[in-house]
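Right, one structure below, let's go through it.
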Amino acid sequence: MLLEPGQQAWCWSKHKNERNMNDIRILLAGNPNVGKTTLFNSLCGVHQHTGNYPGVTVEIKEGKRQVNEHSITVSDLPGTYSLSAFTPDEQVARDALLTSRPDAVVQIIDATNVERNLFLTTQLLEIGIPVVIALNMCDLADEQGITIDAECLEKNLKVPVVRIVARTGEGIEELVDTIIRVTSSKTPGNPRELEYSHSIATHVTEIGAFLGSHTSLPGNLSPQYAAIRLLEGDECLEKTLHDQGLVIPFIDTSDPAERDGIAEDILLARYHLAEEITTCSVRCTMGRVMPADLIDHVLTHRIFGIPIFLSCMWFAFQLTFSAANPFLVGIEQIFGYFTEVMNSIDMDPFVRSFLADGVIGGVGSVLVFVPNIFIMFLLLSILEDTGYLARAAFVMDRLMHSIGLHGRSFIPFLIGFGCNVPAIMATRTLQSRADRIITIITIPFMSCAARLPVYILFAGVFFGAAAGNVIFFLYVLGILVAVLSALIFRRLVFKGEPSPFIMELPPYRRPSGYAAALHMWYKGREYLKRAGIVIFGGVLVVWALATLPAGVEYGSAESLAGIIGEAVQPLFAPLGFNWQLVVGLIFGFIAKEVVVGSLGTLYGGEEMLESSLAADPTLTPVVALAFMVFVLLYLPCVAALGVIRQEMGSWRWTGIAIGWGILMAYIVAYIALHAGSFIIGA
Amino acid sequence: MSDTTYPHSYLYGWTTIVTLATFVAGLLSILEGAGFITGLFILPDIPGGCILVLISALFGTAVVKGKIDRPGWISFTYIACLLLLVFAGCAILVEGGDYLTLIMEGEEADIITIISSAFIWAGILAIPLFFGVSKILYRCSCGGECNE
Amino acid sequence: MVPLSLMRTGDKAVVRAIQGTGHLAKTLGQLGIIIGIELTVIQKANQSVIVRIGESRYALGAGAASMVLVEAQK
């Protein structure tokens, strides 16, 4: 996914049109944050998360709806302002629209902001696929005193317009009926055409005629439409045609300045049409001072903006830990009870070991950190729903800029505190490849929720009352290392400035507790499923390695785990880690929580872990600190690694990201060990 | 705009009082957290105290702006109140969580710590201000004038 | 004409030119920040600005804001 605009190959997939007559494929397109995903949910009866932050949908989601004999397949595209894609998420939308030849495109238009949305409409109308307009958030528009004449809009665009309120499901039935009606006619209808100036129209005709007679265009593009795209500056299409050895009149012969002029004229023609249609169909009845302006005034204040944001984060941090604590204690007590029961039942020692150490220990280590993660997701989604996160990105842009990052990188960082995997996926909203690579390399230094159990264990055992401070210090340390890495990569590898920060700010909304809870549940469940399987499996593997070969003392140096650990341990001797810690680190690669689980197994049981650690003479507070630092910084987990590879699109950069993490972990842990010893010695 | 349902001048005066109250509450939290004062009915909390001082700076800015710039007063007061109330809610949850944890671990805990955070004292003072100001803010958005 | 980054909070202005070519102008164009459009500066934090066009708000970092040349309206 990590490609410069213009660099990617057109992935014109060949879609077979051998579908059943009653199968209808539609795409949902529209600007970011207009309610596409909400409509998708009500169309398909599923619960995808919707956000109040541009770019929540970064990949195409598919769903189905059955209406009588018709089966409608719905694809939800990432939001896009136009079809000249600059960011990977926009490219996804553009490619889907142009290559998959759906039966119809439904464009969702935000009724409170028709004119800006119509710009995309002017592009959709030209593709030659039937378009249906769904006018969303009509209730909000009414509230704001905006009235929209849907019939006038329909008459001007010459495509069906349906009023809907996606949130409540109002108008959905009518929309579905319209879709079926439009697609059954099998023609794109006769949509409004743009009025280009004479010179542009001439170029379009000329190039269109040339293309029509010389080549078969990819994805069944009409020659006329291809000509317009070329004139608008579609570099991918130009490259594709060049590779076929075509010299296209005007495009290849005129100078860039003239072509820029033409592209700008087309842009203006689109805006004029959008403006014309808006003027006739939209009435704004009130001239108002908007409360959002007043609120923005304070929240994005030059001086107060950052402190306000930091206070919100401080409370979010406090809540994540304090409010989750009772649940955590409860879960620990329940599992302690299970283990007791297990030990009191008379059974084969091998089976008991499997059940008590393997199964209960494993499940326990997964469940113990669940409350923290759920609360963190809940708080993040509440913040997002209010519309504040986008303002926070603006506020943080200056800070991010000074360390060589883009303001938008900040949201992935924030998500990274919950889980690195969605954070890395969220980097798709960044435009420049350099910004994206630097952000992806630095995200794993954001201490994700999975590392917390390790800190809670070690800080609790070795630092007692100061545990909270130590944990907070680790979070800060992660951020510092991220800043340092960003600076290094920006100064040495990707010289130059981060790309300019431009972002649409969503409207403020009152967060809905239900929506936030739903989001928390789906995010948390997804996480639980993935983590649960991986961690549980990991713990069982550790248990097996600690038990085999048969007959050895459980978790001793003679077991397989011990043999592996002792073989690798010399590498970590400068950091003072014993072989148990090393085995923990190795298995931590599966998922960081496994570190606790596997140490629990190696030290003979989760519930005795704390006392065993405290009693181990090779472990001192400074070694514990170095270990926590190492866990914070070293490899991301397998899942994160997979996403890094996917988003980087190159093994080389994936390798660099991993190598950099291990290097930083080793260096910083070494420094922590010696600085810690020095302080304690003094 | 003098025929307002809420007397602006009273609300404006009240803002001054809340400014002082949040500042004192924040200062006491910090001092208690640092160990200079003990035995007060306020939870020791240095970061929390700093946040209270920040909120009092927001209220203070509102007071200063209010002399010439009424929308400025409204926006700063509204956000400061909102933050204070939300944080007070968070403080109750945080202390409640800690309390519950202690109980579950079978240790001694004093239920009064739940409501002894300085945020709550300051938050109670800010409630009437919040309702008054949000009413004015809402009117700003519905075609009315923010200026008197 | 002055760069947008030099306007003050509350100013209304009309976009007269967008400096530099390539992605910046195109990105701004897609959002509706085009030559001739009127915008209101609703926040200014150092060189960064938030502008409102119609019902939409856009945040522009210092770099982007300095490339947009505007003419102040009375």
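The values are calculated or read from the model by the stated rules, or taken from the named source; none is laboratory data. What you are looking at is a predicted structure, and each value in this text was computed from that prediction instead of being measured. Glycine gets a Cβ as well: all are built from the backbone with ideal geometry, and neighbour counts include every protein chain shown. Areas reflect the complete protein model, heavy atoms only, side chains present, ligands, DNA and RNA absent. Shrake-Rupley method; radii C 1.70, N 1.55, O 1.52, S 1.80 Å.
A few points about this structure:
- Region A:293-315, subset surrounded by fewer than 18 Cβ atoms within 10 Å (Cβ to Cβ) and not in a loop (DSSP other than H, G, I, E, B), residue nearest to the other protein chains (Cβ to nearest Cβ): A:Trp314
- Residue within region A:395-405 that is part of a helix (DSSP H, G or I), under 13 Å from the mean Cα position of the chain (by Cα) and either in contact (Cβ under 8 Å) with a residue 60 or more places away in the chain or crowded, with 24+ Cβ neighbours inside 10 Å (or both) present: no
- Verdict on A:Tyr634 being of a type in the set (Phe, Trp, Tyr), in contact with a helix residue (DSSP H, G or I) (Cβ under 6 Å, 6 or more places away or on another chain) and at pLDDT 80 or above: yes
- In region A:139-154, residue nearest to the chain's Cα centre (by Cα) [restricted to those that are surrounded by fewer than 20 Cβ atoms within 10 Å (Cβ to Cβ) and more than 14 Å from chain C (Cβ to nearest Cβ)]: A:Asp139
- The set of residues in region B:95-147 being modelled with pLDDT of 80 or more, under 20 Å from the mean Cα position of the chain (by Cα), at the interface with chain A (Cβ under 9 Å from one of its Cβ atoms) and surrounded by 19 or more Cβ atoms within 10 Å (Cβ to Cβ) consists of B:Glu95 alone.
- Considering region A:330-343, and only residues there that are within 13 Å of chain B (Cβ to nearest Cβ) and modelled with pLDDT under 80, the residue that is surrounded by the fewest Cβ atoms within 10 Å (Cβ to Cβ) turns out to be A:Gly336.
- Count of region A:96-114 residues which are buried (at least 21 other Cβ atoms within 10 Å of the Cβ) and touching a Gly at 6+ places or on another chain (Cβ under 8 Å): 6
- The residue that is nearest to the other protein chains (Cβ to nearest Cβ), among those in region A:497-513 that are open to solvent by 30 Å² or more (accessible area, probe 1.4 Å) and of a type outside the set (Gly, Ala, Ser), is A:Pro500.
- Residue match in region C:26-38 (condition: closer than 18 Å to A:Asp293 by Cα and open to solvent by less than 30 Å² (accessible area, probe 1.4 Å)): no
- Within region A:221-229, one or more residues are of a type outside the set (A, V, I, L, M, F, W, C), part of a helix (DSSP H, G or I) and farther than 21 Å from C:Lys26 by Cα.
- Taking the numbered list (1) open to solvent by 30 Å² or more (accessible area, probe 1.4 Å); (2) more than 10 Å from chain A (Cβ to nearest Cβ) in turn, B:Gly49 passes all entries but (1).
- Applying the condition of being aliphatic (A, V, I, L, M) and either open to solvent by 40 Å² or more (accessible area, probe 1.4 Å) or in contact (Cβ under 8 Å) with a residue 40 or more places away in the chain (or both) to region A:444-463 and asking which residue is nearest to A:Cys637 (Cα to Cα) yields A:Ala450.
- Only listed residue being modelled with pLDDT under 85 and more than 24 Å from A:Ile228 (Cα to Cα), chosen from A:Glu126, A:Glu151, A:Glu174, A:Glu195: A:Glu151
- Residues located in region B:58-94, provided they are under 15 Å from B:Ser134 (Cβ atoms), open to solvent by 10 Å² or more (accessible area, probe 1.4 Å) and among the aliphatic types (A, V, I, L, M): B:Leu82, B:Leu83, B:Leu85, B:Val86
- Residues that are within 17 Å of the chain's Cα centre (by Cα), more than 17 Å from A:Met648 (Cα to Cα) and without any contact (Cβ under 8 Å) to a residue 24 or more places away in the chain do occur in region A:408-425, at least one of them.
- Flag if C:Val14 is touching a helix residue (DSSP H, G or I) at 6+ places or on another chain (Cβ under 8 Å), open to solvent by less than 40 Å² (accessible area, probe 1.4 Å) and more than 9 Å from every other protein chain (Cβ to nearest Cβ): no
- Once region A:277-291 is narrowed to residues that are more than 7 Å from every other protein chain (Cβ to nearest Cβ) and not in a strand (DSSP E or B), the residue that is modelled with the lowest pLDDT is A:Gly287.
- Set A:Ala466, A:Ala423, A:Ala390: member being part of a helix (DSSP H, G or I), open to solvent by 10 Å² or more (accessible area, probe 1.4 Å) and out of contact with any His (no Cβ under 7 Å at 6 or more places or on another chain): A:Ala466
- Residues located in region B:84-94, provided they are within 7 Å of chain A (Cβ to nearest Cβ) and under 17 Å from A:Phe304 (Cα atoms): B:Phe87
- Counted residues, region A:161-174 - those being touching a strand residue (DSSP E or B) at 6+ places or on another chain (Cβ under 6 Å) and either farther than 11 Å from A:Ile133 by Cβ or surrounded by 21 or more Cβ atoms within 10 Å (Cβ to Cβ) (or both): 6
- Of everything in region C:20-74 that is more than 7 Å from chain A (Cβ to nearest Cβ) and among the acidic types (Asp, Glu), the residue that is nearest to A:Asp296 (Cα to Cα) is C:Glu38.
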